[in-house]
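Some notes on the structure that comes next.
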Amino acid sequence: MHGEVGAGAPGARESDPEGPGALTKGERTRQRLLELAIERFGERGYRATSVSEIARAAGLTQAAAYAYFESKQALFIAALDADASGLVLDAGAQADPSPVTDAPLDFLVALFEGVQHHPLTRRVLAGEETEIRVFPELVDLPAVRGATQVLVGKLRDGQARGEVRDDIDPVLVGAGIEAILLSILAAVVQLGELGTQRAQDGVVAAFRAMLEPPA
């Protein structure tokens, strides 16, 4: 068992003078741990970073940190989800106005540009985390699943407007596009470039061939 849960631990909800919408002390502490974990794991990686150093930076003991995250791996995965969430939300906002057949590439471009500001997510996509098997977890992160659900909604709306072929399953195709985009993103992050304009035009053509109704 890890250390005791003391004051300020997740279960200790305290009144906050900033109002009912403000975070509790425990929620603020958890958020601070995640911010520090994103920073430290992003800079140095999983192996070279310890829970104790993150806890000290947050003004906590290691035992207190384990009251929020049961293990180093749990802290890493939570930090990765928080970091990826910011990246996905920003990229999704940029791609949202795009036609449904162009949205996957626009989303990919926005992810590639934005990942440079998310070093933890970039480390995972670049294959730099060999001490922990995290790529499967990246696929299952709530942030990624949420982006896929948005795409599924766009596909259904496109079908209703006659812009997307009606003989495809939006849920199944959305999951396939998610897998394709993550694989391409990992590849281009490792290469350091998104590819030629011809390659990008080819991606658009492929998605249009997949999604648009036959002429």
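The values are calculated or read from the model by the stated rules, or taken from the named source; none is laboratory data. Owing to the predicted nature of the structure, the values given are computational and were not obtained by experimental measurement. So basically every Cβ, Gly included, is an ideal-geometry build from the backbone, and we count neighbours across all protein chains shown. Note: accessible area is taken over every heavy atom of the protein model, side chains too, but ligands, DNA and RNA are not part of it. Shrake-Rupley method; radii C 1.70, N 1.55, O 1.52, S 1.80 Å.
Let me confirm something: among Ala126, Ala147, Ala93, Ala103, which residue is under 28 Å from Arg30 (Cα atoms), surrounded by 19 or more Cβ atoms within 10 Å (Cβ to Cβ) and among the small types (Gly, Ala, Ser)?
Numbers: Ala126 fails: surrounded by 19 or more Cβ atoms within 10 Å (Cβ to Cβ); Ala93 fails: surrounded by 19 or more Cβ atoms within 10 Å (Cβ to Cβ); Ala103 fails: under 28 Å from Arg30 (Cα atoms).
Within the list Ala126, Ala147, Ala93, Ala103, the selection yields Ala147.
Let's see how each residue does on (1) outside any loop (DSSP other than H, G, I, E, B); (2) touching a residue at least 12 places away in the same chain (Cβ under 8 Å); (3) within 22 Å of the chain's Cα centre (by Cα):
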site: Ala55; (1), (2), (3): yes, yes, no
site: Ile77; (1), (2), (3): yes, yes, yes
site: Leu80; (1), (2), (3): yes, yes, yes
site: Val88; (1), (2), (3): yes, yes, yes
site: Gly92; (1), (2), (3): yes, yes, yes
site: Val100; (1), (2), (3): no, yes, yes
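Please go through the range 23-49 and pick out each residue that is open to solvent by 40 Å² or more (accessible area, probe 1.4 Å) and part of a loop (DSSP other than H, G, I, E, B). Before you say what the answer is, go through the steps one by one.
Let us first name the residues in the range 23-49 that are open to solvent by 40 Å² or more (accessible area, probe 1.4 Å), namely 23, 25, 27-28, 30-32, 35, 39-40, 43-44, 47-48.
If the condition is that a residue be open to solvent by 40 Å² or more (accessible area, probe 1.4 Å) and part of a loop (DSSP other than H, G, I, E, B), then Leu23 is the only one that fits.
Counting only residues that are in a loop (DSSP other than H, G, I, E, B) and more than 18 Å from Val152 (Cα to Cα), which one in the range 204-215 is modelled with the highest pLDDT? Quick ask: steps written out before the conclusion?
Keep residues of the range 204-215 that are in a loop (DSSP other than H, G, I, E, B), which gives 212-215.
Now narrow it down to the ones that are more than 18 Å from Val152 (Cα to Cα): 214-215.
Working: Pro214: 86, Ala215: 77.
It comes out as Pro214.
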*Being in contact with a Phe, Trp or Tyr (Cβ under 9 Å, 6 or more places away or on another chain) and in contact (Cβ under 8 Å) with a residue 24 or more places away in the chain is the filter; apply it to the range 185-215 and report the residue that is nearest to His118 (Cα to Cα).*
Val189
*Enumerate the pairs (first residue in the range 103-117 and at negative phi; second residue anywhere and assigned to a helix (DSSP H, G or I) and among the polar types (S, T, N, Q)) with beta-carbon separation below 8 Å, excluding pairs fewer than 6 apart on the same chain, so at least 6 apart or on different chains.*
Leu105/Gln200; Asp106/Gln94; Phe107/Gln94; Val109/Gln200; Ala110/Gln94; Val115/Thr121
*Test result for Ala206, open to solvent by 80 Å² or more (accessible area, probe 1.4 Å) and small (Gly, Ala, Ser)*: no
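Could you tell me whether the range 112-123 includes any residue that is polar (S, T, N, Q), modelled with pLDDT under 85 and open to solvent by 50 Å² or more (accessible area, probe 1.4 Å)?
Kept after step one, since they are polar (S, T, N, Q), are these residues of the range 112-123: 116, 121.
Checking which are modelled with pLDDT under 85 leaves us with none.
No, that holds for no residue.
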*asked:* Exactly one condition in (1) surrounded by fewer than 22 Cβ atoms within 10 Å (Cβ to Cβ); (2) modelled with pLDDT under 90 is false for Ala74; which is it?
replied: (2)
*For Ala179, work out the one condition from (1) among the small types (Gly, Ala, Ser); (2) modelled with pLDDT of 85 or more; (3) crowded, with 16+ Cβ neighbours inside 10 Å it doesn't fulfil.*
(3)
